[in-house]
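The values are calculated or read from the model by the stated rules, or taken from the named source; none is laboratory data. These numbers come from a predicted model, not from an experiment. In this analysis, Cβ positions are derived from the backbone assuming ideal geometry, glycine residues included, and neighbour counts consider all displayed protein chains.
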Amino acid sequence: MTDRAQAALQDRVRAAAAATQPLFICGGGTKSFYGETCVGERVETTALAGIVAYEPNELVITARAGTLLAEIERAMAEHGQTLAFEPPRFAAGGTLGGAIATGLSGPRRPYAGAARDFVLGMRIIDGTGEALTFGGRVMKNVAGFDVSRLQTGALGTLGIITEVSLKCLPQPKAEATVVQACAADESIRRVNAWGGKPLPLSATCHCSGKLWLRISGAESAVSAAAQSIGGERVKQGTEFWESVRDHAHPFFAAAQSGDRALWRLSVKSSAPHADLGGEQLIEWGGALRWLMTAPDADREPIRAWAKSHGGHATLFRGGKHSEAFTPLDATMAALHQRLKATFDPHGILNRGRLYADL
């Protein structure tokens, strides 16, 4: 069934390329709000589903793009393993292909690595309908120009992901969550100070006057770190971090309803807290700032602040969805155009999803 589904998908891409007909590629549709609105005939990858190979002893899993993240994580949990970058779902139908195409990572990202750091290999269908394979199922095969990681976060503009091989990691032996009351600027100071010490932190989040910290590792290390850091040890830690990862936390509700705009600011972890015209939730030891603003808020001051602190700002959800991503300078725009021409010479795959002319 899967072979026929892939062949049918290739035929569909070839026909679209011949007619210069744009295609809108999606998996479960749980992240369709992210990026620019693109037009085209809807093409779903959900028929390409199932775990192809899983070698727990080798810490590698390979699955087709339409496989539910929940299915993959259940299989790994049986062997005490996990996807360390904690891919967000945002809804129950989140797929592996969608997670890799968006390149988004959850609360553990600054301590374990980003989504692209765990991609070992990938199969795609390019904009001419040709099936291509990159990388492999073991780390030593990943060398040179790493196309697999290039595809991660490209939002389907450089190819249709059909299969992915990922590195797995063992689940922590123990975890604890502690909560401290403090202001946002103090939380940034604290987590940066702790980041320079040998503490097994695996997630941080400041919201509404409280700093949440997750500690993961051996039982003795977790207990010692919790005592050193201080704060109230809470039992609902797992539920809290899942709510932050999947944007089920109450902070994100206004953007999901369309009443507010949600900005994603990636900056230096030591960037000072600033009043940017809205409520903030701060993750990743200070390196990720979620900002809730009015839908028509002036974006230039937000982007200017992020740039001044070594990063960029993305209009993640809601608001006027033009120029969701920071505009490229001439050099980067030319590089993006060359990559697009290489993988999608007819410009049919998710046209405009990243930038209007790509």
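Quick rundown of the values:
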read-out: Complete set of residues in the range 178-197 that are closer than 17 Å to R109 by Cα and either in a loop (DSSP other than H, G, I, E, B) or touching a Leu at 6+ places or on another chain (Cβ under 8 Å) (or both); value: V191, W194, G195, G196
read-out: Residue that is in a strand (DSSP E or B) and either within 23 Å of the chain's Cα centre (by Cα) or closer than 24 Å to G347 by Cβ (or both), where the choices are L166, L150; value: L166
read-out: Qualifying residue in the range 264-280 (condition: without any contact (Cβ under 8 Å) to a residue 12 or more places away in the chain and of a type outside the set (K, R)); value: yes
read-out: Of all residues in the range 249-265 being touching a helix residue (DSSP H, G or I) at 6+ places or on another chain (Cβ under 7 Å) and surrounded by fewer than 23 Cβ atoms within 10 Å (Cβ to Cβ), the one that is farthest from G319 (Cα to Cα); value: H249
read-out: Pick from the range 92-124, criterion polar (S, T, N, Q) and not in a helix (DSSP H, G or I), ranking: surrounded by the most Cβ atoms within 10 Å (Cβ to Cβ); value: T95
read-out: Every pair of residues 6+ apart whose Cβ atoms lie under 8 Å, when the first sits in the range 46-64 and is closer than 14 Å to E78 by Cβ while the second is modelled with pLDDT under 95 and buried (at least 17 other Cβ atoms within 10 Å of the Cβ); value: E55/R137
read-out: Of all residues in the range 317-355 being assigned to a loop (DSSP other than H, G, I, E, B) and among the polar types (S, T, N, Q), the one that is surrounded by the most Cβ atoms within 10 Å (Cβ to Cβ); value: N350
